[in-house]
Amino acid sequence: MSLLRLAILGSGKGSNCRAILEAIRDGKLAAEVRMVAADVQEAGILQIAREFDVPAMYLPPGSYRTRLTSESEAALARLLQEAKVELVVLAGFMRVLKAPMLEAFPQRIINIHPSLLPKFPGLEAWRQALDAGATETGCTVHYVDAGVDSGEIVGQQTVPVLPNDTAETLHARIQVAERELYPQVIARFAADRA
Ligand code: GRF
């Protein structure tokens with residue numbers, strides 16, 4: 001059986017990337033990670049890729065704060081196409097993808113967000129849930145479209161908000177759920193393709 005070919009993009013510590021690589025290593029996910037790319041040179045996610053012998057690429061971010069330059073995004077899309085990537089997995093990637101990637105990978109880019117979308121899109125979704133007095137929240141895997149956290153939902157996992165939660169404890173509980181949900185959702189993509 002051939003493996004679902006993935007690329008993972010991130011900007012931070014890479015705990016979701018690690019969970020995906022561990023699921024592959026443990027035979028729970030019939031996929032291979034062709035490349036991990038990050039727009040932050042010292043991001044933990046690049047270290048994790050190296051630890052798992054996956055090609056790790058630094059994407060020079062250019063002058064914008066919230067997106068890549070068109071040129072660097074187009075170069076990334078070409079590279080991922082050359083690597084025959086089938087599914088692009090965003091795992092804490094802090095830049096909004098635009099036409100070059102969205103057109104190269106239509107309905108083939110997914111993201112994980114720390115709330116039960118459509119509730120609490122945007123930054124620090126766990127804090128938004130706490131501030132709103134929600135009694136439960138969670139995480140969502142969704143397709144990436146031109147909006148922010150607005151694409152079609154592929155999977156969700158709920159976590160309780162406990163009476164004494166701080167932003168930190170709630171965020172940590174959501175991240176545990178993310179590390180379960182993301183490999184499971186990607187395994188569904190792998191199964192559908194097979
Ligand atoms: C995750 O918590 C995810 O919800 C958000 O970014 C975070 C990335 O964490 N989109 P990590 O780099 O995978 O540890």
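Summary of computed values
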quantity	calculated
Top-ranked residue of the stretch 5-17 - restricted to ones that are assigned to a helix (DSSP H, G or I) and touching a Lys or Arg at 6+ places or on another chain (Cβ under 8 Å), ranked as farthest from ALA191 (Cα to Cα)	SER15
Matching residues, the stretch 99-122, being open to solvent by 50 Å² or more (accessible area, probe 1.4 Å) and closer than 14 Å to GLY151 by Cβ	PRO106, GLN107, ARG108, PRO118, PRO121
Selected residue (only one of VAL141, VAL159, VAL154 is β-branched (Val, Ile, Thr), open to solvent by less than 60 Å² (accessible area, probe 1.4 Å), under 22 Å from GLY44 (Cα atoms) and free of Cβ contacts under 8 Å to residues at least 60 places away in the same chain)	VAL141
Some residue of the stretch 12-35 being buried (at least 18 other Cβ atoms within 10 Å of the Cβ), without any contact (Cβ under 8 Å) to a residue 40 or more places away in the chain and of a type in the set (Gly, Ala, Ser)	no
Residue in the stretch 162-194 that is surrounded by the fewest Cβ atoms within 10 Å (Cβ to Cβ), counting only those that are more than 14 Å from ILE20 (Cβ to Cβ) and of a type in the set (D, E, K, R)	ASP192
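The values are calculated or read from the model by the stated rules, or taken from the named source; none is laboratory data. Because the structure is a prediction, the values reported are computed rather than measured. Virtual Cβ from ideal backbone geometry, glycine too; neighbours counted across all protein chains shown. Areas reflect the complete protein model, heavy atoms only, side chains present, ligands, DNA and RNA absent. Shrake-Rupley method; radii C 1.70, N 1.55, O 1.52, S 1.80 Å.
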